[in-house]
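As structure tokens, the structure follows; a few thoughts come after it.
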Amino acid sequence: MKIEHNIFGAILAFIIGAAISAASYGISRRVLQKNPSGYVAVQVGKQILQVLFLVLLFVLGNYTPWSKIWLLVGGCLGITLPMFWFTYQLVKLNDSLHGKEDSSNG
């Protein structure tokens, strides 16, 4: 099996994207617990990091043995798929920190 197969590049980009997603979750969780008012600013920084990762895959893709398209697909999936779980966890954390709203209000 040769490493030139495009699937290896996609898997590597997925793993790096998932690591970025996990790090973003960890940062978001910490900010939500310590300083919820700064959460929006952190979101902007996370978004810039994720876009920068995809731009780097696009620009540096020609210098790898793999297709740029496969790298981008792996990177996009690596960033996006774990965020479904991480978003659910952040919503749960936010609900537990602030409590549920009173249903008799209204």
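Counting only residues that are modelled with pLDDT of 90 or more and of a type in the set (K, R), which one in the range 1-53 is surrounded by the fewest Cβ atoms within 10 Å (Cβ to Cβ)?
R30
Counting only residues that are more than 16 Å from A19 (Cα to Cα) and touching a Ser or Thr at 6+ places or on another chain (Cβ under 8 Å), which one in the range 54-100 is surrounded by the fewest Cβ atoms within 10 Å (Cβ to Cβ)?
Per the stated criteria, the residue is L90.
The values are calculated or read from the model by the stated rules, or taken from the named source; none is laboratory data. Owing to the predicted nature of the structure, the values given are computational and were not obtained by experimental measurement. Neighbour counts run over all protein chains shown; Cβ positions are idealised from the backbone, glycine included.
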